[in-house]
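Undergrad: Pasting a structure here, questions to come.
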Amino acid sequence: MESSSSSCYNHSSVSSDHPKSIIHIDVDCFYAQVEMVRKPELRSQPLGIQQKNIVVTSNYEARKFGIKKCMLVTDALKVCPSLKLLNGEDLHNYRTASNNIFTALQHWKCPVEKLGMDENFIDVTNIVEERVRNGGDGFALVGRVYSEPMSECICGCHTRLKVASQIASEMRKKLFDELGFTTCAGIAHNKLLAKLICPLHKPNDQTTIYPEHGSSFMSTLQSVRAIPSIGSKTTEALISQKIVTVSDLQQVSVDVLKKHFSSDMAVRLKNLSLGEDNTPVKQTGKPQSIGLEDSFKTVSVKSEVEERFATLLQRLLVLVREDGRIPVSLRVTLRKKDVKRLCSHRESRQCQVSPSIFTINNGTPTVTEVGQQKLMTSIMRLFNKLIDLSKPFHLTLVGLAFTKFQERMTGRGSIVNYLMNDISVQSVLNITNDCDTSASSMDYSAASPSSSTTTDLSDAEVEPSPKKPKKVNWIAKKRCLSKGEVASPSKLRVSELRLNSRELEKVSELRLNSRDRSLTPRASPAKEISDTDTMKDVSDAGNCDDCPSYVDKEVFNALPDEMQQELKAMWKNPSNSELPRSSPRTMNKAKPNTILKYFVHK
């Protein structure tokens, strides 16, 4: 099987009414097929995938007995007593299979957009154009066609879609030969028609629809809700105007729609009803959030909620290790059972997470037991904000998600290795007033089974953002220290240092946060080191006999040699420094890769 060597990311200019060639691929009975690929003996048995008391999907053998999607297990066993049920609440194998399918489709070097776990859009416009240029006019359609064309379209889209059907067949063959999955495919000149025509001849088949048949095909849809871009609220608004089917929507005028929707929305609805859609295929990257949810009949005890969150956290950290990025934001979601409203509703809160909780081992982010305890503390703090424990509560779902990520580069000899942990130095990034550091602080997308809906993202806490450092109340801090108090290392930790080198290094296992080793530095004529001074003081590393009086010798000796050299050179050669003898506010303007600024305090 050949694939085009040219990239499809830069679409060439094509002056036609239907220039694009879009393929939509859907994996047959995805969850069930993942299990059948793992255990081939299940292929001949009626198989259902169970989550809680629901059969979320089944194979085609089970469907012959009348098993339907989201059927109660008790009802499913009544219609098919021989039904084989497998627990599908752990999504790990399904995520892995989805990623393998997505990776296989990258072989054609075209934009691939994931839709949930089992669907993908592929824009093959450039490959099609190249094959048409090189292959003449003798192209045969592969698979089924919705309806034969009455005449050839002047823009040449019929030929292009025939070539696209050949590419779709190649893709489906690759997925079966390499991964063992059967799929169905839809081929059209836009995403809307490609998706809607795809399941027409399920399973294991493909269908092509030509542009001139888009409107007639759409008119066969019995509900406006069948259009992917139309949600439940829009559907209700249309039904209130006696617009129920897509055919009804086709017949109503845009002016009538504008009375109930915005001008743009009215035009959009009208175009969709006619099968017109110009949304592009967007290359899918890493997800913006990684989350898990656990639903149940009801939970009314805090300790049980904490146990469920702890279980979700363990599973979520596995997904973070597989993803490879460092989370910096945590979201908690609850679904409350409200008797007065006779329904359940979701509420969410989120907070920032210190990147120092995660360490990098062989390129994989991991969390120690202490780090997990910190995360659980943050989770339960958010829970306490969502639930008034002085009153009875009833939950039917808890969700946990990391919603923001940063890429961390690895390298040797960077100071970040030593400062990403909780270092007991007095950082200007994390000192609050009065010594108080207490927390205050068209849509084709298919919702992943692990995703959660956020209703409130305004509550940030735990760690202040390093991009917006809080103002330092040095007088208040002096008052605390003058009373003989030892500043808590957890209250003085460096939230996240970003140096000029733009490195975010591995977190060192060196921890300098014991309470009896805090620094209480004074003002110092800090100077920046020169290369000559660095070489001169190599032999002095590890010896702090001539250090200034405000330096804790134990902490100094625990620093790596290169940092000791830099500090000693600054103290010995103040004339070469770029840091003026001034107030802390002035010192904050020094170059961020000068280590001494984190040790200096008025």
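The values are calculated or read from the model by the stated rules, or taken from the named source; none is laboratory data. Only a predicted model underlies this, so the values are computations on that prediction, with no experimental measurement involved. Cβ sites come from the backbone with ideal geometry, for glycine too, and all protein chains shown count toward neighbours. Protein only, heavy atoms only, side chains kept; ligands, DNA and RNA dropped before computing areas. Shrake-Rupley method; radii C 1.70, N 1.55, O 1.52, S 1.80 Å.
Undergrad: Only one of Pro365, Pro280, Pro287 is within 14 Å of the chain's Cα centre (by Cα) and closer than 30 Å to Phe102 by Cα. Can you tell me which? Let's see the steps before the verdict.
TA: Working: Pro365 fails: within 14 Å of the chain's Cα centre (by Cα); Pro280 fails: within 14 Å of the chain's Cα centre (by Cα).
Exactly one residue qualifies, and that residue is Pro287.
Undergrad: Ser15 versus (1) over 26 Å from Gly285 (Cβ atoms); (2) of a type in the set (Ser, Thr, Tyr); (3) buried (at least 16 other Cβ atoms within 10 Å of the Cβ); (4) at pLDDT below 95: which is the lone unmet condition?
TA: For Ser15, the failing item is (3).
Undergrad: What are the residues in the range 206-237 that are within 29 Å of the chain's Cα centre (by Cα), under 30 Å from Leu141 (Cβ atoms) and not polar (S, T, N, Q), if any?
TA: Within the range 206-237, Ala226, Ile227, Pro228 meet the criteria.
Undergrad: Mind checking which residues of the range 142-165 are open to solvent by less than 50 Å² (accessible area, probe 1.4 Å) and not β-branched (Val, Ile, Thr)?
TA: Gly143, Ser147, Pro149, Cys153, Cys155, Gly156, Cys157, His158, Arg160, Leu161, Ala164, Ser165
Undergrad: Could I ask something else about it? Only one residue in Phe181, Phe176 is at pLDDT 95 or above and surrounded by fewer than 16 Cβ atoms within 10 Å (Cβ to Cβ). Which one?
TA: After ruling out the rest, the residue left standing is Phe176.
Undergrad: What is the one condition in (1) of a type in the set (D, E, K, R); (2) in a helix (DSSP H, G or I); (3) under 28 Å from Ile54 (Cα atoms) that Glu322 does not satisfy?
TA: Failed condition: (3).
Undergrad: Out of all the residues in the range 346-356, which are touching a strand residue (DSSP E or B) at 6+ places or on another chain (Cβ under 9 Å) and of a type in the set (Gly, Ala, Ser)? Lay out the reasoning, then the answer.
TA: Filtering the range 346-356 down to residues touching a strand residue (DSSP E or B) at 6+ places or on another chain (Cβ under 9 Å) leaves 346-355.
Ser348, Ser354, listed by residue number.
Undergrad: Mind checking which residues of the range 240-275 are among the β-branched types (Val, Ile, Thr), touching a helix residue (DSSP H, G or I) at 6+ places or on another chain (Cβ under 8 Å) and not in a loop (DSSP other than H, G, I, E, B)?
TA: Selection gives Val246, Val254, Val267.
Undergrad: Can you name the number of the only condition in (1) within 21 Å of the chain's Cα centre (by Cα); (2) outside any helix (DSSP H, G or I); (3) not hydroxyl-bearing (Ser, Thr, Tyr) that Asn99 fails?
TA: Of (1) within 21 Å of the chain's Cα centre (by Cα); (2) outside any helix (DSSP H, G or I); (3) not hydroxyl-bearing (Ser, Thr, Tyr), only one is false for Asn99: (2).
Undergrad: Given the residues Thr311, Thr298, Thr359, Thr364, which is the only one that is in contact with a strand residue (DSSP E or B) (Cβ under 9 Å, 6 or more places away or on another chain), over 20 Å from Thr403 (Cβ atoms), of a type outside the set (A, V, I, L, M) and surrounded by fewer than 16 Cβ atoms within 10 Å (Cβ to Cβ)?
TA: When all the criteria are applied, what remains is Thr298.
Undergrad: Restricting to the range 87-104, give me the number of residues that are touching a strand residue (DSSP E or B) at 6+ places or on another chain (Cβ under 8 Å), more than 24 Å from Thr311 (Cβ to Cβ) and open to solvent by 20 Å² or more (accessible area, probe 1.4 Å).
TA: The qualifying residues number 1.
Undergrad: Within the range 197-233, take every residue that is part of a helix (DSSP H, G or I) and open to solvent by less than 30 Å² (accessible area, probe 1.4 Å) and give me the one that is nearest to Gly116 (Cα to Cα). Break it down into steps so the answer makes sense when it comes.
TA: Within the range 197-233, the subset part of a helix (DSSP H, G or I) is 197-201, 211-218, 224-226, 232-233.
If we keep only those that are open to solvent by less than 30 Å² (accessible area, probe 1.4 Å) too, we end up with 197-198, 211, 213-214, 217-218, 224.
Working: Ile197: 18, Cys198: 15, Pro211: 26, His213: 28, Gly214: 25, Phe217: 25, Met218: 23, Val224: 21 Å.
The residue in question is Cys198.
Undergrad: Would you call Val328 aliphatic (A, V, I, L, M), over 13 Å from His394 (Cα atoms), in a strand (DSSP E or B) and in contact with a helix residue (DSSP H, G or I) (Cβ under 7 Å, 6 or more places away or on another chain)?
TA: In short, yes.
Undergrad: Which of the residues that make up the range 42-86 are of a type in the set (A, V, I, L, M), surrounded by 16 or more Cβ atoms within 10 Å (Cβ to Cβ) and in a helix (DSSP H, G or I)?
TA: Those that are of a type in the set (A, V, I, L, M), surrounded by 16 or more Cβ atoms within 10 Å (Cβ to Cβ) and in a helix (DSSP H, G or I): Leu42, Ala62, Val73, Ala76, Leu77.
Undergrad: Looking only at the range 134-169, count every residue that is over 13 Å from Ile187 (Cα atoms) and of a type in the set (D, E, K, R) and tell me the total.
TA: 3
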